[in-house]
Amino acid sequence: MNRTSNNGTRERLRIAIQKSGRLSEPARALLSACGLAWRESRDRLFCYGESLPVDLLLVRDDDIPGLIADAVCDLGIVGRNVLQEQAGERIAAGKEQAFREWRALGFGACRLMLAVPETWQWQGAAELAGKRIATSYPALLADWLRAQDIAAEIVQLSGSVEIAPRLGQADLICDLVSSGATLAANQLKPVEMVLQSEAVLAGPVAVFDDVRAELADLLLRRLEGVLKIREGKLLLFQASREIVPSLIDLLPDADPPIMTSIDGSDRLALQALCHSAVTWQRLEDLKRAGAAGLMVVPVERMLA
Ligand code: PRT
Ligand code: ZN
């Protein structure tokens, strides 16, 4: 499975993704949207790329940065929280950086938050001095505390961080939050944000110097196209030339429209790529401002 050419370079790109968990399905869906397809092996740990020489390795998310550092994998899809925590651990251990974030991927959003018991009348970060904070992210928390110039005790736990205050293991916690339901169920409230996270494409610090460079470039370009149009819609409409500037003001998140004169007249046909949902409200506003023949068209693919 590890195809190497005679001079030792790899001819296929290998991407590590989470085997099962919050990021596994969206990661596969995103790569599929980039035109990748695989043949699954029976053990379901390795998927051989059929449409392109890009294979998948299905692993635990925490293993992904290390697999990149050891060059077992070329790229990985992992939470920024995991990537930055392990980067912090490497710094603390005096190791050089071996991976970095290549691109944010727009899913798996969450925040690493400090959360305190609901009864705590929170006054600000200065209150943390001397307190015990339970977390699975000691390196990120230590960095944040250092930046705030606060000396607090970090209690490292591998799971169920949210019950630590009730068990008397800590005064507060530092954990990932998405909906906030887990905090509320444990009578905790979020007070300070340590990191804004989402799934990212991670890769080595240095660029590839063999065929993987081209494959990685191709993948990045396709990702760019897929992510750019995810929410995007093409808006088609007609308007007379003099009102076009006021219509463009109503489309703040659209690319500059392409305009074509209809029969050489002052009437223009316009097409604008909008980067967020085009709501009924927005269409009605455009119509009121003089646009006609409004049509919203989904975009399937884009290559800049
Ligand atoms: O088995 P493996 O080690 O691969 O998986 P895992 O259990 O370590 O990871 P998984 O699947 O739980 O999470 C993978 C990644 O998803 C994380 O590293 C984050 O980048 C991202 N992510 C997004 C989250 C959440 N949202 C999230 N809410 N990861 C964890 N949570 C947990 C959080 O720790 C807390 O327990 O969900 C709970 C809070 O959720 P809310 O909605 O109640 O606020
Ligand atoms: Zn994990």
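Every read-out reported here was derived from the displayed coordinates using simple, explicitly stated rules and does not represent laboratory data. Worth saying up front: this structure is predicted, and the values here are computed from it rather than measured. Cβ placement follows ideal geometry from the backbone for every residue including glycine, while neighbour counts extend to all protein chains displayed.
Just 208, 46, 237 to compare: in a GNM of the chain, with alpha carbon springs under 10 Å, which one fluctuates most?
Comparing 208, 46, 237 in the GNM, the peak value goes to 237.
Go ahead and estimate [θ] at 222 nm for the chain from helices alone: -39,500 (n - 2.57) per DSSP H run with n ≥ 4, summed, over the residue count, rounded to 500.
-8000 deg cm²/dmol
From the Cα gyration tensor of the chain, with a ≥ b ≥ c the square roots of its eigenvalues, which class applies: rounded if a/c is under 1.5, or else prolate if a/b is larger than b/c, or else oblate?
Cα axes put the chain in the oblate bin.
Between 64, 154, 248, which gets the highest mean-square fluctuation from a Gaussian network model of the chain, Cα cutoff 10 Å?
248
Would you mind checking which residues have amide H under 5 Å from residue 55's amide H? H placed 1.01 Å from N; only 5 or more apart, or other chain.
Here the answer is 13, 14, 15, 49, since their amide H atoms fall under 5 Å of that of residue 55.
Have a look at 277, 115, 164 and tell me which one the Gaussian network model of the chain (Cα, springs below 10 Å) gives the largest fluctuation.
277
Per residue of the range 173-186, in order, report the coupling 6.51 cos²θ - 1.76 cosθ + 1.60 (Karplus, θ = phi - 60°) as ³J(HN,Hα) in whole Hz, putting x for Gly and Pro.
Computed from phi, the couplings for the range 173-186 are 10, 10, 8, 6, 9, 10, 7, x, 5, 5, 4, 4, 5, 10 Hz.
From the residues 183, 265, 99, which one has its Cα farthest along the dipole of the chain in the positive direction, the dipole being from +1 and -1 charges on Cβ of Lys/Arg and Asp/Glu about the Cα centre?
The listed residue farthest towards the positive side: 265.
Does the range 110-197 come out rounded, prolate or oblate by the C-alpha gyration tensor, with a ≥ b ≥ c the root eigenvalues, rounded set by a/c under 1.5 and, if not, prolate when a/b is larger than b/c and oblate if not?
Taking the square roots of the gyration eigenvalues as a ≥ b ≥ c, the range 110-197 is rounded.
Going by C-beta contacts inside 10 Å, put 48, 137 in order with the fewest on the left.
Ordered by Cβ neighbours within 10 Å, fewest first: 48, 137.
Assuming a ≥ b ≥ c are the square roots of the Cα gyration tensor eigenvalues, decide whether the range 143-250 counts as rounded (a/c under 1.5), prolate (otherwise, with a/b larger than b/c) or oblate.
Because a/c hits 1.5 or more and a/b fails to exceed b/c, the range 143-250 counts as oblate.
When N counts the residues of the range 195-265, how does its alpha-carbon radius of gyration compare numerically with 2.2 N^0.38 Å, as a ratio?
1.78
Long-range amide H contacts for residue 254: which residues qualify at under 5 Å (H placed 1.01 Å from N, peptide plane, sequence gap of 5 or more or a different chain)?
275
Just need log10 I(q)/I(0) for the range 45-153 at q = 0.16 Å⁻¹, Debye formula, equal scatterers on the alpha-carbon atoms, no solvent, rounded to two decimals.
-0.86
Considering the dipole of the chain built from charges on the beta carbon (Lys and Arg +1, Asp and Glu -1) around the Cα centre, which of 277, 160, 32 is farthest to its positive end?
Highest projection toward the positive end goes to 32.
Using only the C-alpha atoms of the range 233-298, find the volume of their convex hull and express it per residue in Å³.
Roughly 73 Å³ of hull volume per residue.
So, with +1 on the Cβ of K and R and -1 on the Cβ of D and E, and no other charges, what is the size of the charge dipole of the range 110-197 about its Cα centre, to the nearest 20 debye?
Roughly 100 debye, rounded to the nearest 20.
Would you mind working out the magnitude of the charge dipole of the range 233-298 relative to its Cα centre, with +1 at each Lys and Arg C-beta and -1 at each Asp and Glu C-beta, to the nearest 20 Debye?
Dipole magnitude for the range 233-298 comes out near 160 debye.
Counting only DSSP beta bridges with both residues in the range 1-131, tell me the antiparallel percent, nearest 5.
45 percent
How many percent of DSSP beta bridges within the chain run antiparallel, rounded to 5?
Beta bridges within the chain, antiparallel portion: roughly 75 percent.
What dipole magnitude, in Debye to the nearest 20, does the chain give about its Cα centre under +1 on Lys/Arg Cβ and -1 on Asp/Glu Cβ?
Result for the chain is approximately 560 debye, rounded to the nearest 20.
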